[in-house]
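Here is the structure we will look at.
Derivation of every value follows stated rules applied to the coordinates shown; laboratory data play no part. If you're wondering where the values come from, they're calculated on a predicted model, not measured in any experiment. As a convention, Cβ positions derive from the backbone with ideal geometry for all residues, glycine included, and neighbour counts pool all protein chains shown.
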Amino acid sequence: MKTFFKSMMAVLLLFPLGLLGQNAKQTISGYVKDAKNGEGLIGASIFVKELLTGTTTNTYGFYSLTLPKGDYTLVISSVGYRKSIKDLKLADKPLSINVELQEDGQELEEVVVKAQKEDDNIKSLEMSVNKVEMKTIKKIPALLGEVDLVRAIQFLPGVTTVGEGASGFNVRGGGVDQNLILLDDAPVYNSSHLFGFFSVFNPDAVKDVKLIKGGIPAQYGGRASSILDVKMKEGNAKKLEINGGIGAIFSRLSIEAPIVKDKASFIVAARRSYIDVLAKPFLTGNNANSQFNFYDLTAKVNYKIDNKNTVFLSGYFGRDVFGQDFGFNWGNSTLSARWNHVFSDKLFLNATAFYSNYDYALDSDLNNKRPNNAFKWTSNIENYSFKPDFTYYISPNNTLTFGGQILTYHFKPGSATATSQGEKREFGQERKNSIEYSAYIGEELKLSSAVSMQIGLRFSQYDYSSQEDSYYVRQYAGVSAENPSGYTLQVLPNTQGKTLASYNNFEPRFALNVNTGESSSFKASYNRLTQYIHLMSNTAASTPLDVWTSSTNNIKPQIVDQVALGYFKNFNDNTYEASAEVYYKEMQNQIDYADRSNLFLNPLFEKDLLFGKGRAYGLELFAKKNKGKLTGWVSYTLQRSERKVEPLNNGEWYVNRYDRTHTLNVIAQYELNKKWSFGANFAYITGVPYTLPEQKFEIEGTAYPYIPLGTRGNLRVPAYHRLDVSATKKNKKALFGKGTSEWVFSVYNLYNRRNPFSIYTRPNEDNPTQTEAVRLSIIGSFVPAVTYNFTF
């Protein structure tokens, strides 16, 4: 703890640049909001015509500009909104100017051309960042016609998944656990419903989506590959609004309304699948009590106390339930409380306290028919946290951010109770507690009209303790057929709550933008990221039953260094944009698993872990059309992701299971007229590496596949490719003759491709002396769907 506070003071003293030489006269500040619903607009542009300078709003719609005294014309704009022009005189007192922008329909293209944010991809310091508007995500054809945020980002460069039915996503060759997924600042540990087919995010409740793959600012930490930052809507502060949809597999409904107009509002959004309800009349016998459904509830309320103080409370509660007599369930819960406070015209605070929990349970006796012969298994990871984030607007060319976080972890990797003939036996993995402290500071500087940079430093400290009476220390004993990892564990006595391991790391961040003209720029970035928690999974794809565990005295934190370079270019008045990025990542303390390792409910699982290094590198190409009746993008990624872990693969580099050499995605959306629109997307991905037997042995006339110890990724699954299409018909009226509605007709996997998920071997049924490879497909045919959406 002393080390943390000493280092935190060092971090806060490292960047004096922003506090020197500032002679600004006065400050203009305020909020930019949507006139229709009162939501703060993220990234709206505030441009000063006389000085040819400006700023943008933060996540909450707040902005601050410090200027010399004088007369100015402010142009406030945001893509999709009519611009607002304000003439003002800045004299002896700071000014507070709040603006509400009107949504624009028919004049959208004109506004986009004139908006200062249209070339943000060129002017901003952000690189390796993708922002996808919800209105775009809602037009992407999806499985069973259901809008899916996580599936949509898999069409972006550098993002893949190991296959259909896999939870989560992979970024630039990293693992599923290396993505920090935030919902209103609270981490979400499993982003999927129904084994990866749908995401946990209700599209009717989502306001903003940002994926950060590189050049990660100092305020983010805790994961090694990317940040998926999802912000919820605040609720319509003007009037009652109801949105919903009725689909083939589930329905959704959201209600948002003012509590006190322009001062307090709320939103509540719910979804539930109903396959079990529709199937129940047809289920008999042992299947009569089958449960297979998922549901979630998302809610948020906010209250503007005064012009300087606003509070928010938001939460997510979701669950998947599957089973008959034997079943399992899993789910996420998050709760976030936030306070926005404006200390002065220059200093803005967002303070957040959150709770997050992910748990799952298996039960062999759901209906309590065999209480004397049953098996139950539970697991969870739980967080509590407090984090203040400050933004100090020194000048239009200089912004300082700083803050910190205290984050607690409570791990219960696996606890089981087995009952046999009335006798109970409890077993499982040790319970663990950890605390992560962090502090950061960052500064964004515009050095000239052509050059800007961002520098930052984050410090983190992680303390681990066991909640058991003993703990384990790994000792090397030598690799053998009986012990493929080569390690054994020595048991030592423990005092509960005693710190058994402590790690601390400095994480520098850097980004540079050099404009090479009005419509092009070069960008470069570097970041170091440290990850203290790990997802234990040695299966083909991540599942809801994988185990989260802490860095311990035996498991070191993962450390990743990434460098990226990019060229960005806009064409034809920003109608088209294009970019090319290259990146290289070096990864320390990467985890793999010894052959035949057992991770589930094994108290000694740490002896089966193998540690090594990794590297990933690639090229990402992206081209997008922003305007006109036909819009969309094409992305291509060429990448390699490798690991080197003793004693695997004879100590040589090998491709890991996230390696996808080629990824090509095409998104097209066409507005035929005000009534009809069409969408299509195509994906092609190189198959994942697989480890398959290259030898066999026979026992009593039956052949059995054999994989030599340490073999990794010797073959690849055939390539994955798929085409989806959709057509949307808009109606003038919705339910009860009010509002608007639309019908969405879609076909997933149009040309009926049986994409392989995995390949396994088995003895041939007709000739047991021969082995055969079997290809498993999760979705083996085209999937049509119809969805009805409404708003009023």
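The Cα trace of segment 404-491 gives Rg and Dmax of 23.3, 79 Å, the first to one decimal, the second as a whole number. Taking each of 36/629; 412/432; 523/625 in turn, the alpha-carbon distance tops 18 angstrom for 36/629; 523/625.
Could you compute the net charge surrounding residue 438? Neighbours are other residues with a C-beta less than 11 Å from the C-beta of residue 438; K and R count +1, D and E count -1. Net charge in that neighbourhood comes out at 0. Sorted from longest to shortest, the spans of the Cα atoms of segment 24-115 along the three principal axes equal 40, 24, 17 Å.
The C-alpha radius of gyration of segment 168-319, expressed as a fraction of 2.2 N^0.38 Å, stands at 1.25. Converting phi to 3J(HN,Hα) with the Karplus coefficients 6.51, -1.76 and 1.60 and the offset θ = phi - 60°, segment 656-667 yields 8, 6, 9, 6, 10, 4, 10, 9, 10, 10, 10, 10 Hz in sequence order, with x at every glycine or proline. Each of 75, 209, 354 was placed along the dipole of the chain (beta-carbon charges, centred on the mean Cα), and the one lying farthest toward the positive end is 75. Full extension of the chain between residue 721 and residue 598 gives 40.9 nm of extra length, using 0.36 nm per residue less the Cα-Cα distance. Charging the Cβ of each Asp and Glu at -1 and of each Lys and Arg at +1, and nothing else, the dipole of segment 409-505 about its Cα centre rounds to 60 debye.
For segment 24-115, a simple Cβ point-charge model (Lys and Arg +1, Asp and Glu -1, everything else neutral) yields a dipole of about 420 debye relative to the Cα centre.
Once Rh for segment 315-443 is found with the Kirkwood sum over Cα pairs, what is the Stokes-Einstein diffusion coefficient at 37 °C and 0.692 mPa s, in µm²/s? Stokes-Einstein gives a translational diffusion coefficient of 181 µm²/s.
Partners of residue 613 within straight-line reach, counting lysines whose Cα lies under 23 Å from its Cα and excluding those fewer than 8 residues away in the same chain: 213, 556, 585, 644. The string of couplings for segment 451-460 from the Karplus curve (6.51, -1.76, 1.60, θ = phi - 60°) is 10, 9, 8, 9, 10, x, 8, 10, 10, 9 Hz, one whole number per residue in order, with x for Gly and Pro.
Label sites at residue 653 and residue 760, each approximated as a point 7 angstrom past Cα along Cα to Cβ, lie 3.3 nm apart. Taking the charge dipole of the chain about its Cα centre, with +1 at Lys and Arg Cβ atoms and -1 at Asp and Glu Cβ atoms, the residue from 752, 713, 368 reaching farthest to the positive side is 752. When the chain is described by a simple charge dipole with +1 on each Lys and Arg Cβ and -1 on each Asp and Glu Cβ, the residue from 692, 40, 227 located farthest towards its positive end is 40. The amide H of residue 129, built 1.01 Å from its N in the peptide plane, has 213 as neighbours under 5 Å, considering only residues 5 or more places off or on other chains.
Phi angles across segment 437-443 convert, under the Karplus curve 6.51 cos²θ - 1.76 cosθ + 1.60 with θ = phi - 60°, into 3J(HN,Hα) values of 10, 8, 9, 8, 8, x, 9 Hz, Gly and Pro given as x. Helix 2-13 and the longest principal axis of the C-alpha atoms of the chain enclose an angle of approximately 30°. Amide H contacts under 5 Å for residue 764: 770, 771, 772, restricted to partners 5 or more places along the chain or on a different chain, H placed in the peptide plane at 1.01 Å from N. Taking amide H as placed 1.01 Å from N in the peptide plane, residue 39 has its amide H under 5 Å from the amide H of 34, 237, each at least 5 places away in sequence or on another chain. The share of C-alpha pairs in the chain whose separation exceeds 51 Å stands at 15 percent. For segment 519-631, the Kirkwood radius over C-alpha pairs fed into Stokes-Einstein at 25 °C and 0.890 mPa s yields D = 141 µm² per second. With R₀ set to 51 Å, the beta-carbon distance separating residue 496 from residue 582 gives a calculated FRET efficiency near 0.55. Ellipticity at 222 nm from helices only: DSSP H runs of n ≥ 4 in the chain, each -39500 (n - 2.57), divided by the residue count, give -1000 deg cm²/dmol. Counted without the sites themselves, the longest stretch of the chain free of GluC sites (Glu not before Pro) in a DSSP loop having at most 14 other beta carbon atoms within 10 Å is 134-467.
Kirkwood radius for segment 107-256, taken over all pairs of different Cα atoms as the inverse mean of 1/r, rounds to 16.8 Å.
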